[in-house]
Amino acid sequence: MKHSFIITIYILVAGIATVFAQRQTAPVDSTLLQENPALDRLLQLQSDLSDFVFKDEERLLHRNASFRFLPSIRRTPGYGFSFGLGGAVSFYTDKTDLRLRRSEVPLAVSVAFTKPFSYQIACEPTFYFAGNALRLSATISYRDWLEYYFGVGYKTCHNPQYEKKRYTYESALTRFKPSLQFRMGNDNLYGGIVAEVWHEQINNPEQFVVNDTHFRQLTGNTSRHSATGTGAGLNITYDSRDVPNDAYHGMLLSAETMLYTTALGGNTRYGTLTVDYRQYVRLGSRKQLLAWNITSNNAFGNHVPFMRYATIGGLNNFRGYYNYQYRDKSMLTAQVEYRYWLQVNSQWGVLLNRFGFAVWIGSGAIGTNPVRYEALLPQAGAGVRFALRDRLNFRFDVAHNPIDHDTMWYISFSESF
């Protein structure tokens, strides 16, 4: 029954994708808001901070570097509020090549005033060379964050109590993951090789974590542990989205497989396979959008660190469940979201048209491998959007899951997928 339900979800979403992909014939108009000088003046400070160089037509004409600056705020259940400060430099590696895409180097710092204090620093640069034939990207990050852990498997993770003095540990994680991809005929299709080195230090695990079987298998009888993973693999990506962080049309389909081994210097041995499919289609009027997403994350082997198991739950992963709430070796999710922006033709329209809403429904599953899932995890939710500017939205989401009877709310910028 569980397998049949999952197969039904795949068929349904794939069918919707086929139908609407055939209907999509024109790019979506990226102009989100009506022009209004008075309101634009009120937002001038935010606009200048976030994209002051981009508005300089002369600099754009000469293809010079540009800079974007943006503060952020998030609120997630179990963690509370976190605050961030980020910016990105974009430029061309060859100004004479008019076909070349802009390279970008973003940097973001986030802090959460938990006990203990948590923070993270992340940089995810992307460089294009040789007329877009070569793409070099990387994930470089350091995180010192308080993490929750409820064990592995549906029965252990079901209906947890978010007690910091029972289910948490402190994680200090360093990651370096470079990827070298080559264009494969189509302008949006890239494939190549990827490597990763990560090191994680676990400190001050609480009562449940210390007594957990998977934790003891990894750490023995000590309350402190560090693990290092060194791996290499292959990836392939097709990405035709117009704007990755807030797409109106296009598709993302990516797959990656990795093998982590002690032969490369680490002390962990396991493999992973991840698949991420997203599609965006305009419906009828220019302010209606249907988006859907299917993800599959899998870990293989008898020595998988519990921190690297597949998980369900969180701000962008599956909003009906707490961050990393469900954990096992395989995870599968499918969700469909409808997004709509107000279209008011009146004197109030210039303000009201900055508001929109979203509703979604989806289901996930966890299990010990990709063909054997233990339980279904449905969820649904709704949210409100406010456009600070075109393609930069403040969002407030409320999600519910009937399995644990939890209702939770989130605050963030940009869409979840």
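Bear in mind these aren't lab numbers, they're just calculated from the coordinates by the rules spelled out. What you are looking at is a predicted structure, and each value in this text was computed from that prediction instead of being measured. FYI the Cβ positions are ideal-geometry reconstructions off the backbone, even for glycines, and counts take in every protein chain you see.
Label-to-label distance, residue 91 versus residue 140, with points set 7 angstrom from Cα along the beta-carbon direction: 1.4 nm. Only Cα pairs under 8 Å and 6+ residues apart enter the sum, and on that basis the relative contact order of segment 263-336 stands at 30 percent. Computed over segment 175-314, the range of Cα coordinates on each principal axis works out to 60, 33, 21 Å, biggest value leading. Counting beta carbons within 10 Å around each of 165, 95 and listing the fewest first gives the order 165, 95. Could you tell me the center-to-center distance, by alpha carbons, between segment 99-173 and segment 199-274 in angstrom? Measuring centre to centre over Cα atoms gives 11 Å.
Hull volume per residue, based on the alpha-carbon atoms of segment 71-230 and their convex hull, is 145 Å³. Using C-alpha pairs under 8 Å with a sequence gap of at least 6, the mean separation divided by the residue count of segment 119-260 gives a relative contact order of 19 percent. Comparing Cα centroids, segment 374-401 and segment 292-309 end up 24 angstrom apart.
Compared with the alpha-carbon gap, the fully stretched path from residue 347 to residue 123 is longer by 76.4 nm at 0.36 nm per residue. Among the GluC sites (Glu not before Pro) within segment 109-187, those in coil by DSSP and having at most 16 neighbouring Cβ atoms inside 10 Å are 163.
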